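Right, one structure below, let's go through it.
The values are calculated or read from the model by the stated rules, or taken from the named source; none is laboratory data. As the structure is a prediction and not an experimental result, all values here were calculated from the model. Here the Cβ positions follow ideal geometry from the backbone for every residue, glycine too, while neighbour counts run over all protein chains shown.
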Amino acid sequence: MKLFEYEGKQLFKAYDIPVANGWLAANYPNDLNKPVIAKAQVLTGGRGKQGGIIAVNDIKSLASALKTIYEKTFNGEMATDIYIEEQIDFTKEFYLSIIIDRNLKSPLLIVSYEGGVNIEEVPHDKLLKIPINPLLGLQSYMINKISTLLMIAPEKVEGIVSNLWNLFKMEQASLVEINPLFLTKDGDLIAGDAKIIVDEAADTPTNVNLLPRKVNSFEQNISNLGAVGVEMDGDISIVTSGAGLGLATLDLVRSKDGTARALIDLGGHVIHDVNLARELIVELKKLGSKKFYFNFYFQVAECSTLAEAIAKELGGTHYPVVVRLKGKKEKIARQLLSEYSNVYVTDSLEDACISISKGVCENGHYC
Amino acid sequence: MAIIVNEKSKILIQGITGSVGKGFAKRMLVYHSPLVAGVTPNKGGQFVHGVPVYNSVEEAVYKEYADTSLIIVPPKLVEQAALEAIDAGIKTIVVYSEGVPIHDSMRLVQYANLHRVNLFGPNSAGVVSPGKANVSDIDDSILRQGKIGVVSRSGTLTYEIVEILKKQQIGISTIVCLGGDPIVGVHQRDILELFEQDEDTDAVIYIGEIGGTDEVTVAETLKGMNKPVFAYIAGQYAPKNKRMGHAGAIINNENESASRKRELLELSGAKVVKVVTELEGLLKNYFNSQKV
């Protein structure tokens with residue numbers, strides 16, 4: 001789950017990472033007349049370049065800045081709220097982050113002498129990438145390397161880096177990023193921004209006041225059923241018994257000129273429960289699917305469960321349905337579906353993909 | 001000899017008393033996979049289909065000489081189960097459980113590497129050498145012993161490969177499913193190297209998918225291989241920046257796309273198909289040319 005800056009800053013405070021004083025727009029104290037910076041709370045990146053961050057010198061200009069931000073969209077996303085922070089008087093901007101590196105299979109600490117910019121554009125000699133073994137954690141030699149790069153005393157660096165590491169570890173983050181990291185005249189380090197992604201398989205962060213989220217309700221509803229759904233803009237709802245099979249099925253359908261409305265990976269729960277499977281089909285109907293394509297190959301679950309849900313929700317309707325099934329109890333599953341003329345059952349992957357994409361015109365099946 | 005598991009393996013199921021664990025145990029017994037024990041804390045002394053259950057992995061290793069563990073426990077218990085297995089001296093581990101927190105995965109993958117343990121998964125469909133040992137969810141009834149090695153991230157897509165091979169009566173030496181998570185233990189490269197050295201394997205089928213940059217390393221390994229490799233990368237039409245079912249299957253940049261990966265593998269000498277069903281024709285041609 002991606003966190004808004006406002007949420008990330010709460011975590012920073014909880015882990016003693018210095019941040020500027022800040023308020024959500026509604027909570028901004030009316031008697032405070034200071035130079036502040038108003039920042040759109042959006043989950044998409046690059047809000048600064050799209051006019052989502054406005055610096056103002058007094059409270060009079062703040063109202064119009066807020067209005068400007070609320071009227072904008074950022075990569076199509078409207079601001080959920082606006083976070084207002086006191087301006088920091090800084091002499092330098094750095095960059096600091098911890099990510100998970102898939103190839104190293106470990107956390108990777110990234111530090112740049114240049115911050116406030118796109119990190120991919122920073123020259124290599126101004127950048128440090130330090131893998132942190134998750135079994136050993138942060139080491140003092142790493143602090144020394146960072147201190148040398150940033151030309152700041154190790155004591156100053158240690159506090160913020162070790163607190164960021166603790167946050168990363170304890171909150172089970174897959175990304176924590178501070179860009180920019182301000183250096184003040186007094187030599188202190190203050191986090192200008194907070195970008196945090198926490199693992200969805202782990203527990204959600206406690207003690208954080210979360211902003212409301214405008215989620216894609218279809219994908220959320222599917223996720224609530226225990227499956228994974230991806231919405232697309234074509235005609236066919238493709239439901240498969242696994243993620244890899246789903247990708248392969250999508251490739252095949254598209255290669256036969258079919259288009260997908262949604263791709264569902266059933267996962268482990270739905271396939272054992274007729275009612276959950278029926279709810280899932282209802283969600284796909286609500287999405288405006290024109291055709292249904294079920295492709296399942298079960299080694300552990302039973303084909304008949306899903307077949308029953310298909311029969312009840314789609315049997316005898318106007319929807320063209322193609323079912324390719326194999327595995328446990330496939331005979332019973334076939335029998336369940338055989339009486340409906342709008343449902344075409346096959347055990348061939350190729351046949352199924354052609355049928356759903358081009359239509360079937362034989363034996364009373366749909367065209 | 002096949003790779004990773006064979007008739008001499010001594011298999012242990014951690015979580016054997018759960019419903020899925022019981023199902024695996026039953027199938028292993030029916031098809032004579034060398035299952036020797038199960039482990040569920042506090043259930044030691046019980047039997048599952050006649051297989052002894054122990055309280056700890058250490059006990060199962062001591063009494064039954066278990067050397068291969070299949071872990072089927074709830075996702076948040078996986079880390080402890082795997083660490084216990086590694087500390088008890090188990091050298092091959094399949095983590096079948098799905099939804100393991102990524103920080104847990106990082107720690108256990110690093111710990112397995114330190115102890116030179118082959119760890120498959122999390123979220124792996126397992127490893128099977130047909131006719132010898134089956135530590136996977138693929139049903140033995142559709143498997144046939146032979147000379148083709150299969151390495152894949154995905155379990156469900158592997159069933160399709162098995163189907164294609166079955167139709168053409170082509171047998172399999174070993175199938176290895178690495179797991180669909182972003183962080184998994186054993187790398188494709190290691191499996192390709194094992195297949196290259198294995199005298200029971202003549203050719204290899206490689207199944208990849210979008211996300212990550214594993215194929216960069218795989219391409220390097222392929223250049224050093226003499227055995228033919230047939231490959232498919234799933235997700236050619238997947239939209240960008242969307243997680244496609246597998247937590248690992250997401251295109252973050254162009255290098256993680258199916259077309260870039262396909263190109264890398266082709267340049268290294270693999271025969272790469274665009275859709276999975278094309279493997280059928282490719283394999284047919286290969287086997288016909290072998291007969292001549």
- Note on region B:197-214: residues more than 17 Å from the chain's Cα centre (by Cα) and assigned to a helix (DSSP H, G or I) are B:Gln197
- Note on the structure: Scanning region A:21-33 residue by residue, those surrounded by 13 or more Cβ atoms within 10 Å (Cβ to Cβ) and touching a strand residue (DSSP E or B) at 6+ places or on another chain (Cβ under 6 Å) turn out to be A:Gly22, A:Trp23, A:Leu24, A:Ala25, A:Tyr28
- Taking region B:182-192 and keeping only residues that are crowded, with 24+ Cβ neighbours inside 10 Å and within 14 Å of chain A (Cβ to nearest Cβ), one is left with B:Ile183, B:Val184, B:Gly185, B:Val186
- Message: Just checking, does region A:316-339 include any residue being surrounded by fewer than 21 Cβ atoms within 10 Å (Cβ to Cβ), without any contact (Cβ under 8 Å) to a residue 12 or more places away in the chain, in the same structural domain as A:Ala227 (by TED's automatic domain parsing) and closer than 22 Å to B:Tyr159 by Cβ?
- Response: yes
- Item | Residue that is farthest from the other protein chains (Cβ to nearest Cβ) [pool: residues in region B:11-26 that are in a helix (DSSP H, G or I) and crowded, with 20+ Cβ neighbours inside 10 Å] | B:Ala25
- Message: So in region A:242-273, with the set limited to residues that are in contact with a Lys or Arg (Cβ under 8 Å, 6 or more places away or on another chain) and under 22 Å from A:Ala311 (Cα atoms), which one is farthest from the other protein chains (Cβ to nearest Cβ)?
- Response: A:Arg261
- Task: Consider only pairs whose beta carbons are under 7 Å apart and that are at least six residues apart or on different chains; among these, list those whose first residue lies in region A:81-103 and is under 20 Å from A:Ile54 (Cα atoms) and whose second residue is among the charged types (D, E, K, R) and surrounded by fewer than 17 Cβ atoms within 10 Å (Cβ to Cβ).
- Result: A:Glu86/A:Lys34; A:Asp89/A:Lys185; A:Thr91/A:Lys185
- Could we say that B:Gly269 is within 10 Å of another protein chain (Cβ to nearest Cβ) and either touching a Lys or Arg at 6+ places or on another chain (Cβ under 9 Å) or not in a loop (DSSP other than H, G, I, E, B) (or both) here? no
- Scan region B:152-175 residue by residue and report those that are within 14 Å of another protein chain (Cβ to nearest Cβ), touching a residue at least 60 places away in the same chain (Cβ under 8 Å) and within 16 Å of B:Ser136 (Cα to Cα). B:Arg153, B:Ser154, B:Leu157, B:Glu160, B:Ile161
- Message: Based on this model, can you work out whether A:Lys185 counts as of a type outside the set (A, V, I, L, M), farther than 25 Å from A:Gln10 by Cα, surrounded by fewer than 17 Cβ atoms within 10 Å (Cβ to Cβ) and more than 14 Å from every other protein chain (Cβ to nearest Cβ)?
- Response: no
- Message: Just to check your reading of the model, which residue among A:Lys60, A:Lys34 is in a helix (DSSP H, G or I) and basic (Lys, Arg)?
- Response: A:Lys60
- Query: Of all residues in region B:193-220, which are closer than 25 Å to B:Val5 by Cα, surrounded by 22 or more Cβ atoms within 10 Å (Cβ to Cβ) and more than 8 Å from every other protein chain (Cβ to nearest Cβ)?
  - Reply: B:Phe195, B:Thr201, B:Val204, B:Ile205, B:Tyr206, B:Gly208, B:Glu215, B:Val218
- Note on the structure: Exactly one of A:Ile98, A:Ile82 is in the same structural domain as A:Ile146 (by TED's automatic domain parsing) and either crowded, with 19+ Cβ neighbours inside 10 Å or under 21 Å from the mean Cα position of the chain (by Cα) (or both), and that residue is A:Ile98
- Message: Suppose the filter is out of contact with any His (no Cβ under 9 Å at 6 or more places or on another chain), farther than 12 Å from A:Phe182 by Cα and modelled with pLDDT under 95; does A:Leu109 pass it?
- Response: no
